[in-house]
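Participant: Here it is, the structure, as structure tokens.
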Amino acid sequence: NQMLETNQQLVNWKKVRETAKRALSEIGEEIDINERVENLSVAKKQLIAISRALTQNAKLIIMDEATSAITNEEVKHLFSIILKLKERGISTLFVSHKLSEVFEIAENITILRDGKLLGVYPPQGLTEERLAYIMTGLNLESEPYVYASERFSETPLLDVKNLTKAGQYHDINFQVRPGEIVGVIGLIGSGRTEVVETIFGINRPDSGCICINGEEVAIRNPRDAMGHGIAFLPEDRLTQGLFDVQSIGNNIVVTVIKNFLKRHKLLDLPAKNKCEHGWVKKLDIKTPTPKNPANSLSGGNQQRVVIAKWLATDPKLFILDGPTIGIDIGSKHTIHEIIRDLARQGMGIVIVSDEAQEILDNCNRVLVMSNGKIIKEFDDSRTVESEELLDIVARRVEAGANA
């Protein structure tokens, strides 16, 4: 990867290795230069990209959503690399929707909206609330979600008992009731995603059971999960949630396409089109027509398409893994409101995230995961602060690393 920009017809492998090692050492990294890049973590891949830029004597490095899929510790490490680059006279253009990170690393903040420059500000003269207002033109305020238990049945929609899979998670127990929004927080690798994938039939457990509406069920695959009224929004919408070259409409109806088959397996196009337009309108998906490809949309609107795809199945339980990753703050607020409205109507919701504030703002109950276990549960999210949540996770991760 270090030599891609050269035009040499013959490769001097000794020089390649020396160049790669030197570039990595310049940012204080030790990575096996013979390892395939596809086998590296997202954070390591970013460091490889930075090193490659250094071999080309780059004076400006553009990082677009560089922290969207890495842990808090990896973010801190990336920021230390950015500061090292700064000491060498190399500038960084840091593009992000995470306002706290922008305030932490930026010396100047350039704000864009709808393709227009709104201004350049020093971070000292802004607050997160003011920055969000300039970005969206809206006051994005919301109260913590309150679970109205008296309105819904006490029988859990979901009851997970002693769920275990070697090397991933151990003895997982929790419930979700109608109208609840349960948050699961933990760093990447904590087992959070593996647990919810098991509930949706993607990841078979070694032992334990899953009960739906008080009855034990066998969920061997996603089809079984859908049959029990479970929907799942995956962490990576582009590779797991969308057929991005297909139309927006086709993506919306793919989960219910059988509903539009008439006699002789012919497609009822008017009914299909009505469904597509209905969900585009209901979730306010910004597109002139559902016939446009999904990859023509912004990240926030793509996520609304994935949500629409699953809401079309009329689920009773909706699991969302990283529902706002890589999404602008305005779309993030809208998606949170959609999730809250679904819960108020009696749907059970599980939100998986490593963003403490997202969990506390939108969930009535919180599960903290680390090293494959639920290490803490808060029955009322209003009793805990985001710093406390992050501190619990960080301390347990550090303890596990030192064990």
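The values are calculated or read from the model by the stated rules, or taken from the named source; none is laboratory data. Remember, it's a predicted structure, so these values are computed and weren't measured experimentally. Please note: Cβ atoms are built from the backbone with ideal geometry, for glycine as well, and neighbour counts cover all protein chains shown.
Participant: Do the conditions hold for Gly322, that is, is it among the small types (Gly, Ala, Ser) and more than 30 Å from Arg151 (Cα to Cα)? Even if it seems obvious, please write down each step before you answer.
Facilitator: Numbers: among the small types (Gly, Ala, Ser): yes; more than 30 Å from Arg151 (Cα to Cα): no.
Spelling it out, it is not the case that Gly322 is among the small types (Gly, Ala, Ser) and more than 30 Å from Arg151 (Cα to Cα).
Participant: Also: State whether one or more residues within the stretch 253-264 are over 17 Å from Gly372 (Cα atoms), touching a residue at least 24 places away in the same chain (Cβ under 8 Å) and surrounded by fewer than 18 Cβ atoms within 10 Å (Cβ to Cβ). Give the derivation first.
Facilitator: Applying the first criterion (over 17 Å from Gly372 (Cα atoms)) to the stretch 253-264 yields 253-264.
Applying the additional criterion that residues be touching a residue at least 24 places away in the same chain (Cβ under 8 Å) yields 253-256.
Pick out the ones that are also surrounded by fewer than 18 Cβ atoms within 10 Å (Cβ to Cβ) and you get 254, 256.
Yes, the conditions are met somewhere in the stretch 253-264.
Participant: Still on this structure, I have one more. Under 6 Å by Cβ, and 6 or more places apart or on different chains, what pairs join a residue from the stretch 286-299 that is more than 18 Å from Glu65 (Cβ to Cβ) and assigned by TED's automatic domain parsing to the domain that holds Thr334 with one that is assigned to a loop (DSSP other than H, G, I, E, B) and charged (D, E, K, R)?
Facilitator: Every condition considered, the pairs that remain are Ala294/Asp244.
Participant: Counting only residues that are of a type in the set (D, E, K, R) and assigned to a helix (DSSP H, G or I), which one in the stretch 120-167 is surrounded by the most Cβ atoms within 10 Å (Cβ to Cβ)? Full working, then the answer.
Facilitator: Step one: of the stretch 120-167, the residues of a type in the set (D, E, K, R) are 128-130, 141, 143, 150-151, 154, 159, 161, 165.
After this cut, where a residue has to be assigned to a helix (DSSP H, G or I) as well, the list is 128-130, 150-151.
Working: Glu128: 14, Glu129: 11, Arg130: 11, Glu150: 7, Arg151: 10.
The selected residue is Glu128.
Participant: Need the failing condition index for Leu78 against (1) within 30 Å of Gly346 (Cα to Cα); (2) touching a residue at least 12 places away in the same chain (Cβ under 8 Å); (3) not assigned by TED's automatic domain parsing to the domain that holds Gly330, just the number.
Facilitator: (1)
Participant: Further question: Can you list residue pairs whose Cβ atoms sit under 7 Å apart, with the first residue in the stretch 85-106 being of a type in the set (S, T, N, Q) and modelled with pLDDT under 90 and the second being crowded, with 17+ Cβ neighbours inside 10 Å and assigned to a helix (DSSP H, G or I)? Count only pairs 6 or more apart in sequence or on different chains.
Facilitator: Pairs that qualify, where the first residue is of a type in the set (S, T, N, Q) and modelled with pLDDT under 90 and the partner is crowded, with 17+ Cβ neighbours inside 10 Å and assigned to a helix (DSSP H, G or I), are Ser96/Val102.
Participant: Give me the strands (runs of 3 or more DSSP E) completely within the stretch 338-385, filtered to those with at least 1 residues that are surrounded by fewer than 22 Cβ atoms within 10 Å (Cβ to Cβ), ordered by residue number.
Facilitator: Values: elements: 348-353, 365-370, 373-378.
Fully inside the stretch 338-385 and qualifying: 365-370, 373-378.
Participant: Could you run through the stretch 292-305 and say how many residues are in a strand (DSSP E or B) and modelled with pLDDT under 90? Working first, answer last.
Facilitator: Start the filter on the stretch 292-305 by keeping residues that are in a strand (DSSP E or B), which leaves 293.
Now drop any that are not modelled with pLDDT under 90, which leaves none.
Result for the stretch 292-305: 0.
Participant: Continuing with the same structure: Looking at Lys281, is it more than 18 Å from Val160 (Cβ to Cβ), free of Cβ contacts under 8 Å to residues at least 12 places away in the same chain and not in a loop (DSSP other than H, G, I, E, B)? Walk me through how you get there before you give the answer.
Facilitator: On the way: more than 18 Å from Val160 (Cβ to Cβ): yes; free of Cβ contacts under 8 Å to residues at least 12 places away in the same chain: yes; not in a loop (DSSP other than H, G, I, E, B): yes.
For Lys281, the condition - more than 18 Å from Val160 (Cβ to Cβ), free of Cβ contacts under 8 Å to residues at least 12 places away in the same chain and not in a loop (DSSP other than H, G, I, E, B) - is met.
A quick yes/no check of all residues on (1) surrounded by 17 or more Cβ atoms within 10 Å (Cβ to Cβ); (2) without any contact (Cβ under 8 Å) to a residue 12 or more places away in the chain:
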residue: Trp13; (1), (2): no, yes
residue: Leu24; (1), (2): yes, no
residue: Asp32; (1), (2): no, yes
residue: Val42; (1), (2): no, no
residue: Leu54; (1), (2): yes, no
residue: Asn57; (1), (2): no, yes
residue: Ile62; (1), (2): no, no
residue: Glu65; (1), (2): no, no
residue: Glu73; (1), (2): no, no
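Participant: Anything in the stretch 193-209 that is under 26 Å from Ile325 (Cβ atoms) and either crowded, with 17+ Cβ neighbours inside 10 Å or over 24 Å from the mean Cα position of the chain (by Cα) (or both)? List them, or say none. Working first, answer last.
Facilitator: So the first thing to find is which residues in the stretch 193-209 are under 26 Å from Ile325 (Cβ atoms), and the list is 193-205.
Once the filter is applied, which keeps residues that are under 26 Å from Ile325 (Cβ atoms) and either crowded, with 17+ Cβ neighbours inside 10 Å or over 24 Å from the mean Cα position of the chain (by Cα) (or both), the stretch 193-209 yields Thr193, Glu194, Val195, Val196, Glu197, Thr198, Ile199, Phe200, Gly201, Ile202, Pro205.
Participant: So which of Ala53, Ala58, Ala106 is closer than 26 Å to Met135 by Cβ and hydrophobic (A, V, I, L, M, F, W, C)?
Facilitator: Numbers: Ala53 fails: closer than 26 Å to Met135 by Cβ; Ala58 fails: closer than 26 Å to Met135 by Cβ.
Going through Ala53, Ala58, Ala106 in turn, just one is closer than 26 Å to Met135 by Cβ and hydrophobic (A, V, I, L, M, F, W, C): Ala106.
Participant: Still on this structure: Check Thr289, Thr313 and return the single one that is surrounded by fewer than 18 Cβ atoms within 10 Å (Cβ to Cβ), at pLDDT 90 or above and in contact with a Ser or Thr (Cβ under 6 Å, 6 or more places away or on another chain). Walk me through it before giving the result.
Facilitator: Numbers: Thr289 fails: in contact with a Ser or Thr (Cβ under 6 Å, 6 or more places away or on another chain).
Testing whether each residue is surrounded by fewer than 18 Cβ atoms within 10 Å (Cβ to Cβ), at pLDDT 90 or above and in contact with a Ser or Thr (Cβ under 6 Å, 6 or more places away or on another chain) leaves just Thr313.
Participant: Another question, then. In the stretch 227-265, which residues are in contact with a Lys or Arg (Cβ under 6 Å, 6 or more places away or on another chain) and either outside the structural domain of Glu215 (by TED's automatic domain parsing) or at positive phi (or both)?
Facilitator: Selection gives Gly229 alone.
Participant: Output the residues belonging to the stretch 306-337 that are part of a loop (DSSP other than H, G, I, E, B), touching a strand residue (DSSP E or B) at 6+ places or on another chain (Cβ under 7 Å) and β-branched (Val, Ile, Thr). Talk me through it step by step, then tell me what you get.
Facilitator: From the stretch 306-337, those part of a loop (DSSP other than H, G, I, E, B) are 312-316, 322-328; that's our starting set.
In the following step, the residues that additionally are touching a strand residue (DSSP E or B) at 6+ places or on another chain (Cβ under 7 Å) were identified as 313, 315-316, 322-323.
Thr313 - this is the single residue of the stretch 306-337 that is part of a loop (DSSP other than H, G, I, E, B), touching a strand residue (DSSP E or B) at 6+ places or on another chain (Cβ under 7 Å) and β-branched (Val, Ile, Thr).
Participant: Report, by residue number, each residue of the stretch 362-396 that is acidic (Asp, Glu) and within 20 Å of Gln175 (Cα to Cα). Explain how you work it out, then say what you get.
Facilitator: At the first step, the residues of the stretch 362-396 found to be acidic (Asp, Glu) are 377, 379-380, 385, 387-388, 391.
If the condition is that a residue be acidic (Asp, Glu) and within 20 Å of Gln175 (Cα to Cα), then Glu377, Asp379, Asp380 are the ones that fit.
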